[in-house]
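The values are calculated or read from the model by the stated rules, or taken from the named source; none is laboratory data. In this text, all values refer to a predicted model and were calculated from it rather than measured experimentally. Heads up, the Cβs are rebuilt from the backbone with ideal geometry, glycines too, and the neighbour counts pull from every protein chain shown.
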């Protein structure tokens, strides 16, 4: 490992998460979430190897350029599907987003040997709800627009609805004005969709009644407003993709 630090990065459609692997298997140093690499502060980090997953090529190119200009001795590796040893039972596995694959791998590491199905709810620009069966095989998932995307689409697809973003789940069920009504609708749609999809996965994987619910993770850059609602039902891990990247990077280093 030649004494280099390990920097893990998750390049998404809206933001890039970067963290330096700390002591232990899950700890981080310098965890940052930025809209642009120019906002990164890694001045105190020694020469490093980077392991990156990306779903956005322009943002990945920007990160590469930043590393080339600011950390010339670092080595940057973009992970591919062969770096993440998950069995996939899906069509067109080459089209599966590496962030989904990394999150599933991270969840599998954190869940341990429970032999129960694992569900990963990842809230970002899109919401993905993915499923690993009891054997750790990736069975697929569901994708729908995330909160910010829903707010954006309403203003762009209509003539009179305002452009806004409300970053917390309203305490009331209905709004007294248009902005409040949009916020209530968008956030209740997120909560309802997540609950229904997770519940259906549990019923179809474990039967009725679902006495065994498996392990459900909630993660992603847009998940924070939903954490109070799901904290008793789901396991909250904000950095699940980075955990998967770290596990894959450790496997590469050993091999």
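Based on this model, can you work out whether residue 43 counts as assigned to a strand (DSSP E or B) and either within 18 Å of residue 125 (Cβ to Cβ) or more than 22 Å from the chain's Cα centre (by Cα) (or both)? No. When residue 6 is tested against (1) part of a helix (DSSP H, G or I); (2) within 21 Å of the chain's Cα centre (by Cα), only condition (1) is not met. Within the range 26-54, the set of residues being in contact (Cβ under 8 Å) with a residue 60 or more places away in the chain and either exposed (fewer than 13 other Cβ atoms within 10 Å of the Cβ) or touching a strand residue (DSSP E or B) at 6+ places or on another chain (Cβ under 8 Å) (or both) comprises 28, 31, 33, 49, 51, 52, 53.
Might you let me know whether the range 200-214 holds any residue that is assigned by TED's automatic domain parsing to the domain that holds residue 141, touching a strand residue (DSSP E or B) at 6+ places or on another chain (Cβ under 7 Å), crowded, with 16+ Cβ neighbours inside 10 Å and not in a helix (DSSP H, G or I)? Checked the range 200-214: at least one residue is assigned by TED's automatic domain parsing to the domain that holds residue 141, touching a strand residue (DSSP E or B) at 6+ places or on another chain (Cβ under 7 Å), crowded, with 16+ Cβ neighbours inside 10 Å and not in a helix (DSSP H, G or I).
In the range 177-190, the count of residues that are under 25 Å from the mean Cα position of the chain (by Cα), surrounded by 14 or more Cβ atoms within 10 Å (Cβ to Cβ), under 15 Å from residue 129 (Cβ atoms) and in the same structural domain as residue 138 (by TED's automatic domain parsing) is one or more.
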